[in-house]
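Since the structure comes first, as structure tokens, the remarks are kept for the end.
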Amino acid sequence: MKEIIGRKMGMTQVYAEDGTMYAVTVIEVLPNVVTQVKTLEKDGYEAIQVGYEDKKEKNLNNCEKGIFHKAGVDTKAELFELKGDEMKQFQVGSSVTCDIFKENDLVDIIGTSKGRGYAGVIKRWGHKIGPKGHGSGYHRGQGSFANNGRCNNRVIPGKKMSGHMGNQSATVLAQVIVSVNKDKNYILVKGGVPGPKKSIVKIRTSVKNIKHPTQVQAIINRTPVVAEAN
């Protein structure tokens, strides 16, 4: 299991050797600098803490400054924890770069979905719209709250209602890496990735690599060889 932090920059397209065009997401992956190593004896679990993107020291609080001064690394804007057996080899001060992943690797992308604000049930849950005929005053309402005779004294937990939509952690499974460029610090991933442009995402080895190896090979076989991206 491998993990790394990146920033979604947007989408573009690349062409396969047979001329077919495929949409890909460009993820900027700057070196993840290790600032702390979590151990089982001291912290109760194993992981590494990494900093992403430079940030001026004057814009940090004293707690954050102490982390970077103790590690002896440049101050960073974001801190994350990465877990996985292959991450144990990194020590404080070393960098995790995008070349830990290779072309055709299967990965999961974890990000924060776009915030949609307060949304009704039609948009949030895909409910059917009400009658549009003349006289009907019920078009985009939430529908009946009746519970079919059960627990009529309350609304059953889990009832689909209007409310805040989006801005939640979202994971896309089994995405294929099309290209990795260490010199320019980017990874191209086939298909879409959760979140808006410039949002932080985590790239990890796909869990399906472990649980469903035959499905993994089938996904890779459906992905054509892509010509070198410009």
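What follows draws every value from the coordinates through simple rules; no lab data is involved. Predicted model only: the values in this text are computed from it and were never measured. Heads up, the Cβs are rebuilt from the backbone with ideal geometry, glycines too, and the neighbour counts pull from every protein chain shown.
May I ask you to work out the translational diffusion coefficient for region 30-96 at 25 °C, viscosity 0.890 mPa s, via Stokes-Einstein with Rh from the Kirkwood sum over Cα pairs, reported in whole µm²/s?
It diffuses with D of about 203 µm²/s by this estimate.
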- Among LEU173, LEU30, LEU60, residue whose mean-square fluctuation peaks in a GNM of the chain (springs only between Cα atoms under 10 Å): LEU60
- Choice from SER206, SER136, SER113 with maximal GNM fluctuation in the chain (Cα, 10 Å cutoff): SER136
- Query: Once Lys and Arg get +1 and Asp and Glu get -1 on their Cβ, which of VAL26, HIS164, MET1 lies farthest toward the positive end of the dipole of the chain?
  - Reply: HIS164
- Task: In whole angstrom, note down how far apart the Cα centers of region 65-138 and region 159-206 are.
- Result: 6 Å
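Please state the equivalent ellipsoid semi-axes for region 117-165: what are the square roots of 5 times the Cα gyration tensor eigenvalues, largest first, in whole Å?
Values: eigenvalues 92, 57, 11 Å².
Square roots of five times the eigenvalues give 21, 17, 7 Å.
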- Starting with the fewest neighbours, write out CYS151, CYS63, CYS98 ranked by other beta-carbon atoms found within 10 Å of each beta-carbon. CYS63, CYS151, CYS98
- Query: Which longest run of the chain has no exposed loop site in it, a site being chymotrypsin sites (Phe, Trp or Tyr not before Pro) in a DSSP loop with at most 13 other beta carbons within 10 Å, and the site itself not part of the run?
  - Reply: 46-137
- Partner lysines for LYS190 [C-alpha distance under 16 Å; skip if fewer than 8 residues away on the same chain]: LYS8, LYS102, LYS202
- Query: Which of LYS58, LYS208, LYS132 moves the most in a Gaussian network model of the chain with Cα springs under 10 Å?
  - Reply: LYS132
- Inter-site label distance for LYS132 and LEU60 at 7 Å from Cα along Cβ, in nm: 5.7 nm
- Positive-end extreme of charge dipole, the chain - chosen from LEU173, VAL193, GLY130 (charges on Cβ): GLY130
- Rel. contact order, % - alpha carbon contacts under 8 angstrom, at least six apart, region 35-82: 43 percent
- To the nearest whole percent, what portion of all C-alpha pairs in the chain is separated by more than 23 angstrom? 62 percent
- Within region 1-100, DSSP-loop GluC sites (Glu not before Pro) with at most 15 other C-beta atoms within 10 Å are GLU17, GLU46
